[in-house]
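So the structure is just underneath, and the comments pick up after that.
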Amino acid sequence: MSPRRLRGDGGAATTETVLVAPALIFTILVVVQAGLYFHAVSIASAAAQDGARAASIESAPNVPSLADGEAEAQALVDKLAPDLLDGVDVQATSVAGGERVRVTVTGEVESVTDFPGFDLDLSVSESSESVLETFRPGE
């Protein structure tokens, strides 16, 4: 029996590319999706903060302007992320006996791509509270 001769490494680059390319593409997609998710969290947080600030300004004595806060938060989300967040829901509520306002922004982050058999549910929910600003005359 004669020893087997090695034929060189011809075709190895093609084989390596076929094995590595899908993993590389998947890694790139995961990094991009993570970036979009954290960007959506940042936008939702900023919208909640702006909404809480707008809602904390009283429109009548000891009455927060909840509708103004919701409108402000929704406007910021529409301006900064019209295609990034879907199903955006903005809720402003009065808490702590009417002394504080809370604005909550929730939504679904768009996915970069859909993988068959893999449901990627990326939802965002950010809240912010602010003290109700009231006029207190000096004594």
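Values as computed for the structure displayed
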quantity	calculated
Enumeration of residues in the range 53-82 that are at pLDDT below 90 and closer than 19 Å to residue 38 by Cβ	81, 82
Hits in the range 101-127 - residues which are within 22 Å of residue 75 (Cα to Cα) and free of Cβ contacts under 8 Å to residues at least 60 places away in the same chain	101, 102, 103, 104, 108, 123
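The values are calculated or read from the model by the stated rules, or taken from the named source; none is laboratory data. Model, not experiment: these values are computed from the prediction. Heads up, the Cβs are rebuilt from the backbone with ideal geometry, glycines too, and the neighbour counts pull from every protein chain shown.
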